[in-house]
Amino acid sequence: MCEKRLSLSANLLALALFSTLPVIAARPAWAQTETVLYNFTGSPDGAVPESQLISDGAGNFFGTTLYGGEKDLGTVFELSPNGVGGWNETVLHSFTGGTDGEYPELSPLMFDSAGNLYGTTYYGGSFGCGYGCGVVYELTPKGKRWKESVLYSFTGGADGGGPVGGLIMDAAGNLYGLLGQAGGVFELSPSGGGWAEQLIYAADTRSGGLVMDAAGNMFGITTSTVFELSPNGNGGWIASVIHTFAGGPDDGSDPQGSLAFDRAGINLYGSTYSGGVKNFGTVYMLRFRPKGKYQGTWTERILHSFKGYPNDGSGPEEGITSDAPGLIWGTTENGGLYNYGTAFGVFGVSDGWGIRYREVPLWNFDGADGAYPSGAPFLDSAGNLYGTTPAGGSSGLGVVFEVNPNQ
């Protein structure tokens with residue numbers, strides 16, 4: 001993670017100086033457009049947005065920035081249509097580096113049913129670890145303002161530290177997430193007016209997030225595997241590895257980001273940062289076999305191996321998005337026509353012999369319109385993709401963008 005952070009810092013400097021299997025029918029070539037909705041400036045609005053956006057369903061987007069804000073320690077922001085074709089950005093919280101946390105690294109937000117936001121910061125909090133071991137926080141709307149409450153501060157001991165990626169919540173109100181410093185999966189449970197934390201799976205986790213199926217099973221990634229956690233019926237969890245990545249040319253390596261379920265909520269899609277035929281990363285599917293000789297097992301299929309600059313992307317860093325018709329959407333951190341990354345789509349076509357998958361770069365970022373996108377895109381009901389880049393734009397500090405694949 002530190003190595004990638006240094007690489008991103010170098011890229012930012014360079015840019016600143018520069019300035020059930022779903023099947024769909026074959027479709028015509030996309031003619032795409034990209035629009036920059038917002039350019040970050042650093043202070044007080046934030047800088048380096050690198051996580052997936054979420055929406056409240058009313059057309060407003062919410063996200064985090066790694067840097068910027070009042071003390072350059074990161075922000076939580078809202079982006080709202082201004083009614084005249086533009087967008088207004090509002091900082092809901094600027095992290096101070098104290099007990100409230102700092103640096104929400106690769107940390108998308110999550111809404112609960114009451115409209116409260118939840119997230120994590122990699123550093124900060126009440127305990128040691130130099131800059132702190134990170135926190136889980138909640139933002140509650142209070143009129144036009146939002147109040148931050150720290151639900152838990154990690155100590156760096158048995159509870160781990162450095163939460164990364166997004167949180168998920170089960171039907172009982174328990175929160176689950178991944179740790180980036182010591183690694184593992186943690187659970188936060190409401191307890192006596194506060195929250196109790198426990199490490200439920202020790203593993204080499206460094207990025208991404210968790211997803212949960214309808215039966216309450218959780219899925220996530222380590223640096224080399226995809227794992228499943230299943231309730232054991234006694235309040236504990238049964239862990240199993242459902243795929244181990246073998247690397248190129250026949251498999252991916254260095255899995256990144258959160259997994260995504262298909263339309264039926266059975267099969268999983270994901271991406272790897274490297275591996276594949278050219279070692280530029282892959283998009284893969286894990287197919288679950290519910291019956292037959294291999295009942296209960298998972299089989300991996302590589303849907304696309306990235307080719308890199310100039311005709312394809314490389315290094316999909318933070319997962320993918322799958323929509324109802326079975327299309328798969330994502331971004332690559334590098335590659336593309338200008339080597340500043342791409343937004344892409346992957347779709348399956350039935351050719352009479354089975355299903356083949358085709359990848360189409362939807363947009364090539366050129367720096368002025370964003371650079372090095374890292375988060376999985378958000379897909380709205382009209383088929384538009386929304387995301388962030390941690391660099392590029394008018395100030396070189398990142399943008400929020402919209403790509404319309406269907407223009």
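What does the charge dipole of the chain about its Cα centre add up to, to the nearest 20 debye, if the Cβ of each Lys and Arg holds +1 and the Cβ of each Asp and Glu holds -1? Write down the numbers at each step before the final one.
Details: 19 positive and 38 negative charges, 163 e Å.
For the chain, the charge dipole is close to 780 debye.
How large is ³J(HN,Hα) for each residue in the stretch 362-377, as worked out from phi by the Karplus curve 6.51 cos²θ - 1.76 cosθ + 1.60 (θ = phi - 60°), to whole Hz, x for Gly and Pro?
Here the 3J(HN,Hα) series is 8, 8, 9, 6, 10, x, 5, 9, x, 8, 6, x, 10, x, 5, x Hz.
Let me know the Kirkwood hydrodynamic radius for the chain, please, with Cα pairs as the basis and the value in Å to one decimal.
On the way: mean 1/r = 0.0471 Å⁻¹.
21.2 Å is the Kirkwood radius here.
I need the peptides 61-69, 222-230, 177-185 ranked by packing, meaning the mean over residues of other C-beta atoms within 10 angstrom, with the highest value on top. It would help to have the intermediate numbers written out before the result.
Working: 61-69: 26.1, 222-230: 19.0, 177-185: 22.8.
Ranking the peptides 61-69, 222-230, 177-185 by packing returns 61-69, 177-185, 222-230.
Starting with the fewest neighbours, write out Asp112, Asp254 ranked by other beta-carbon atoms found within 10 Å of each beta-carbon. Mind dumping the intermediate values first?
Details: Asp112 13, Asp254 19.
Lowest count first: Asp112, Asp254.
Return the lysines within reach of Lys278: Cα separation strictly under 29 angstrom, same-chain partners fewer than 8 residues apart disregarded; answer none if there are no such residues.
Lys4, Lys307
What is the dipole size for the stretch 250-407, taken about its Cα centre, with +1 at each Lys and Arg Cβ and -1 at each Asp and Glu Cβ, in debye to the nearest 20? List each step's numbers first, then the result.
On the way: 10 positive and 16 negative charges, 151 e Å.
Once rounded to the nearest 20, the dipole reads 720 debye.
When Leu175, Leu385 are ordered from fewest to most other Cβ atoms inside 10 Å of their Cβ, what list results?
Numbers: Leu175 23, Leu385 26.
With the fewest neighbours first, Leu175, Leu385 line up as Leu175, Leu385.
Would you be so kind as to identify which of Gly398, Phe219, Phe378 lies farthest towards the positive end of the dipole of the chain, taking Lys and Arg as +1 and Asp and Glu as -1 on Cβ and the Cα centre as origin?
Phe219
Computed FRET efficiency, Cβ-Cβ of Ala264 and Ala58, R0 25 Å: what is it to the nearest 0.05? Spell out each step's value before the answer.
Values: r = 28 Å, r/R0 = 1.14.
Working from the Cβ atoms, E equals 0.30.
Rounded to two decimal places and with Rh computed the Kirkwood way over Cα pairs, what is Rg over Rh for the stretch 214-265? Don't skip to the answer; put the middle values down first.
Numbers: Rg = 12.9 Å, Rh = 12.4 Å.
Across the stretch 214-265, the Cα-based Rg/Rh ratio is 1.04.
Need the C-alpha centroid separation for the stretch 113-171 versus the stretch 333-407, integer Å.
First find each Cα centre; the distance between them is then 29 Å.
Can you spot the lysines whose alpha carbon is less than 24 Å from Lys147's alpha carbon? Ignore those fewer than 8 places along the same chain.
The qualifying lysines are Lys71.
For the stretch 78-235, give the magnitude of the charge dipole about the Cα centre (Cβ charges: +1 Lys/Arg, -1 Asp/Glu; no others), in debye to the nearest 20.
Numbers: 5 positive and 15 negative charges, 67 e Å.
Result for the stretch 78-235 is approximately 320 debye, rounded to the nearest 20.
With a 10 Å Cβ neighbour count serving as the proxy for reagent exposure, in which order, fewest first, do Ser149, Ser189 appear?
On the way: Ser149 11, Ser189 16.
Final ranking by Cβ density, sparse to dense: Ser149, Ser189.
Want the number for Thr223 to Ser191: 0.36 nm per residue separation, take away the alpha-carbon distance, what's left? If you can, show how the numbers build up before the last one.
Values: separation 32, 0.36 × 32 = 11.52 nm, distance 3.21 nm.
Extending this stretch completely gives an extra 8.3 nm.
Place the peptides 335-342, 235-242, 86-93, 46-53 in order of packing, highest mean first, counting for every residue the other Cβ atoms within 10 Å and averaging per peptide.
Values: 335-342: 23.9, 235-242: 13.0, 86-93: 16.2, 46-53: 26.8.
Peptide ranking by packing, descending: 46-53, 335-342, 86-93, 235-242.
Every number here is computed from the coordinates shown, using simple stated rules; none is lab data. Owing to the predicted nature of the structure, the values given are computational and were not obtained by experimental measurement. As a convention, Cβ positions derive from the backbone with ideal geometry for all residues, glycine included, and neighbour counts pool all protein chains shown.
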